[in-house]
Amino acid sequence: MKEDEIDISFINLMKKLDNQLNKLKKEKEEAFYLTDYDLAEDIIEKEKKINLLKDKIKELRNEYNSIFNNKIEKNKIRQSLENKVNENNIIKGKRTREEEFYIPILESLMEFGGRAKSKAIISSVYEKIKGKLNDYDYVPLSKSKEIRWQNTTRWARKYLIDIGFLKADSPIGIWEISEKGVEFYNKQKR
């Protein structure tokens, strides 16, 4: 097997793992919709394990490519192509994953009695998640100039609304946990 074929195998494996993560995301949404929180929790654990596996595969790929010094420049070009920037200017895999924000949002809302202003929740979430944030999370978005981790927090909130853990009809600027969200949070804390 040629060096390029091995490198392509790493890329294909990563794509297959991404496909698996997409399937798990749909299964997780269905589990939340059916209020099967045990199943949702199992799926979240699988997602975390697959993401850790992806990180290990990236490291192995880099280690393998470093063996062939004459191919380094070619690999840098290929890597830059793989890290295509999407419409939100997010390089895939660089920002902290949205899933990391779900529990801190629910926990913050519980600490505020179930309802609070968005700024208070975002500040509280920051205190809970700052150890997981990386340099990329602190970069402002190109259009809104909002710090990336704050934007990710808002997207995580939207997902929690979509699955019914936060109320969709809260006044503007107010975040509010739903009964379903309280039930899920309490089950997580056991």
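The values are calculated or read from the model by the stated rules, or taken from the named source; none is laboratory data. In this text the structure is predicted, and so the values were computed from the model without any measurement. No Cβ is skipped: glycine too gets one built from the backbone with ideal geometry, and neighbour counts run over all protein chains shown.
Structure values in brief
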{"item": "Candidates ARG115, ARG148 - the one that is touching a residue at least 24 places away in the same chain (Cβ under 8 Å) and farther than 29 Å from LYS15 by Cβ", "result": "ARG115"}
{"item": "Residue in segment 122-145 that is hydroxyl-bearing (Ser, Thr, Tyr) and crowded, with 16+ Cβ neighbours inside 10 Å present", "result": "yes"}
{"item": "Test: residue in segment 56-68 that is assigned to a helix (DSSP H, G or I), outside the structural domain of GLY173 (by TED's automatic domain parsing), surrounded by 13 or more Cβ atoms within 10 Å (Cβ to Cβ) and at pLDDT 85 or above", "result": "yes"}
{"item": "Residue identified as under 30 Å from GLY181 (Cα atoms), touching a Lys or Arg at 6+ places or on another chain (Cβ under 7 Å) and either of a type outside the set (Asp, Glu) or at pLDDT 90 or above (or both) among LEU39, LEU24, LEU34, LEU53", "result": "LEU24"}
{"item": "Residues that are part of a loop (DSSP other than H, G, I, E, B) and of a type in the set (Gly, Ala, Ser), drawn from segment 124-171", "result": "SER142, SER144, GLY164, ALA168, SER170"}
{"item": "Unmet requirement for SER178, which otherwise passes all of (1) surrounded by 15 or more Cβ atoms within 10 Å (Cβ to Cβ); (2) of a type outside the set (D, E, K, R); (3) closer than 29 Å to ASP18 by Cα", "result": "(3)"}
{"item": "Qualifying residues in segment 146-175 (those that are more than 19 Å from GLU100 (Cα to Cα) and of a type outside the set (Asp, Glu)) - the one surrounded by the most Cβ atoms within 10 Å (Cβ to Cβ)", "result": "LYS167"}
{"item": "Number of the exception - ASP162 against (1) under 16 Å from ALA40 (Cα atoms); (2) of a type in the set (D, E, K, R); (3) more than 21 Å from the chain's Cα centre (by Cα)", "result": "(3)"}
{"item": "Residue count, segment 3-35 (criterion: surrounded by 15 or more Cβ atoms within 10 Å (Cβ to Cβ), more than 18 Å from the chain's Cα centre (by Cα) and not aliphatic (A, V, I, L, M))", "result": "3"}
{"item": "Qualifying residues in segment 172-190 (those that are assigned to a helix (DSSP H, G or I) and charged (D, E, K, R)) - the one farthest from the chain's Cα centre (by Cα)", "result": "GLU179"}
{"item": "Sole exception among (1) more than 20 Å from LYS28 (Cα to Cα); (2) modelled with pLDDT of 90 or more for VAL182, by number", "result": "(1)"}
